[in-house]
1. Got a sec? What order do S251, S159 fall in by accessible area at 1.4 Å, biggest, i.e. largest, first?
2. Any chance you could run the full-extension gain for A249 through D593? It's 0.36 nm times the residue separation minus the Cα-Cα distance, nm to one decimal.
3. How many Å² of accessible area per residue for the range 543-625, probe 1.4 Å?
4. On full extension of the chain, what length is gained from N261 through S448, given 0.36 nm per residue of separation minus the C-alpha to C-alpha distance?
5. Which order do you get for M380, M677 if you rank them by accessible area with a 1.4 Å probe, largest at the top?
6. Which of K551/K675; K652/K695; K462/K551; K648/K695 have a Cα-Cα distance over 18 Å?
7. Would you mind getting the Kirkwood hydrodynamic radius of the range 549-618 from its Cα pairs, rounded to one decimal in Å?
8. Sorted by accessible area (1.4 Å probe), largest first, how do D114, D615 line up?
Amino acid sequence: MKPLFIFFASFAVSALFAQSSIEHVTTYDNRVYNSGYAVYSITTANDGTLFFATSGGVVAYDGSTWTPIQLDENRAAHTVAYDSVSNRIYVGGTNTLGFITKNGSGYQYISLMDRIKGNDKFGFCWQILFNNKEVLFQTYERFYSFKKDSIEILDISNSYMFIADEYTYVTTIGDTVSIYKDSSLVYKWKPEGLRNESLYWVHPLEKVHYLFFPTIGTFIHDLETNTVKKHASPLNTKLKDWSFYHAVALSDSVLAIGTWNNGLYIADLNGNEIAKLETGSGILSNLIYFIHLGPQGKLWIGTDYGISVWDIREGGIFDKDRSNPMTPRFNVVELDHAVKHYVEPGDTIHLNYRPESVELGFSIPGDDYFNQQPLQLEIMRYKSTLIDTLITSYHYHNISNGFYQFSVSDPSDPTRKSTFYMAIRQPWFHWLFENWEAIIITLLIVGSFAIGIIYIQNTTKKRLERLVHEKTRDLELANKNLSEINEELDNFIYRSSHDLIAPVKSVKGLLEIMKISKDNNPEYFKMLEGRILRLEQIISEINNYIKSSKKPVAHEEIELKGLVEDVFDDLEYYEEAHRVKFINNMPEGTFIDSDKERWKIILSNLLQNSIKYFDPGKESPFVAVTLSLDGDLLTLTVEDNGRGIPAKYQQKVFDIFFRASEGTEGTGLGLFLVKRMSAILGAEIQLTSNSQGTKVSLELPIHKVKFRQASLAE
């Protein structure tokens, strides 16, 4: 029912606000875009999103949603300009300068007023220009040059500036036209008849520039001879009669001309009128502040009463082949009607829970708000699901664990497609809490697995003992080594059985308490979860120990930076991990040939220790992984600023089952596994620790792992 409701709601809004009497014209007043009435300036970002400077701030339009963006103290915005180098929307307004950026949580306005030295003030900034690596903010009082993160004040007042190709024109009102170069004015020229007006627009062609003045008409700047002469054309008189204010080129010879009180004209350079748009034919006002040729071949018109849009492709004014069709894109993903993610193509959203609902928002940038084009939505998990839609949102319910691919495309051209991904990994024990029967079954399976491990270890011990007694005196050294192994196994079996049985007994006792208890105390569930996690950790480390003892060393190509990122991702939801900053200092494109699984276990155990024993009293807890090369020795270092290890324990921390006290967290197997696997891989461990933190270094010769990366090796 919701898509049908949205369709009729859109139809009703269209009927209320799009009161146009000319075909292919749509109008939006401030009840649609929720900002100030007057629209002074328009620009388009590289993704097709349109930005409007209004008397109430800035508004962004992505083809389906209008998003107001407030400036300092809700000031008016007078000009907006997109910079493709920094991917910023620069803004000038009433006593404010700044720029807009976008991140995963939405748009943010960053003011630059604190970069202006002294208590310098101005009325409002009404134009922004980009000159090489310089951003110029233009006010009537002066110009402000923003570059290298600082603002310089240029003493140029009562002037207008326009950039055409490599030329920057500056005109002082009623005075001269100059060329701005290297922060100074060169080549001054005064047009014939210039009095109380200034240059309003420049139309650049290959060899000449047309300079437009509101009353004295047009002049031609010959770039080859660097001379300026009056353009003999009926257009000069018409610009004065029309009250010319702003223009935009539709082609080399055809212009869209905005006026102060006569609407919008389409005319050529000879003054031949092709079409006219005014309040009687569909637009909101005859006062045209700004004209912008946006995506999809549409002419966006800013007036003192809102926005008008003329689809000049359909009106026969503009060549459809030059209409700049846009690729559909996702704008926002809303989870459970609360959490919003603003996504870019190729983004991945990672979730550790299963949302009850996922709402996808998508559109074609620059599309008609009231009459959306048809789109095709594709949802891919195990199989592909295609959905044809005329609305710009879709609800997905009861989503389960897995990796999803969402794509939106234009059915008329499937190559224009945008995609993002969602990875949902809800921990397995959440499922157990929802299914009480599964808890008992799981405990039985875990108990059987533990008994099997003990049986296997006992059998292994007996076999080793028989082998020892069968050897002769010539194998005394082997007997000694086997005795040490037996001692280690005895300790391992005893401690394993003890550590396995303890949480099982705790779970059993808690279940008995829950049976006789009249209320389901949440604390019981928390205690059950702790015992189960404890059991899982012990079994995992026993499994790692067994695999490290039996499995031969693998030789596969490992990209170290990616390996560290994988380990960071695995520990993202480890207890207290969110309080520790992960720093991956591995250089890009660094490769070794070694056993990837063993290296993951080594890094995982070292990083878990850094998280477990972080120092909450320190301002910025961190753990960093670094790679260095000294001659033919490669060193991988894991360093943190945690609590440190007391000196009396530093020689024992790598012993099997060593824990500083019974109350210490952990199984006592983690660092033993690090030492065991490092020895198998041919790495030597160095440990230093004090109250400032701990550093563990793994050193190994580069020829053993075929290390390669040109930039680091040099």
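The values are calculated or read from the model by the stated rules, or taken from the named source; none is laboratory data. Remember, predicted model here, so these are calculated numbers, not experimental data. Note: ideal-geometry Cβ built from the backbone for every residue, glycine included; neighbour counts use all protein chains shown. All accessible areas refer to the heavy atoms of the entire protein, side chains included, with ligands and DNA or RNA removed. Shrake-Rupley method; radii C 1.70, N 1.55, O 1.52, S 1.80 Å.
1. Working: S251 35, S159 0 Å².
Sorted descending by solvent-accessible area, the residues read S251, S159.
2. Details: separation 344, 0.36 × 344 = 123.84 nm, distance 5.97 nm.
Stretched out fully, the A249 to D593 stretch lengthens by 117.9 nm.
3. On the way: 4010 Å² over 83 residues.
Heavy-atom accessible area per residue stands at 48 Å².
4. Values: separation 187, 0.36 × 187 = 67.32 nm, distance 8.74 nm.
Result: 58.6 nm gained on full extension.
5. Values: M380 60, M677 0 Å².
Greatest to least solvent exposure: M380, M677.
6. Values: K551/K675 16 Å; K652/K695 16 Å; K462/K551 21 Å; K648/K695 16 Å.
Over 18 Å apart, Cα to Cα: K462/K551.
7. Working: mean 1/r = 0.0749 Å⁻¹.
Hydrodynamic radius (Kirkwood, Cα only) of the range 549-618 equals 13.3 Å.
8. Details: D114 120, D615 40 Å².
The ranking, largest first, comes out as D114, D615.
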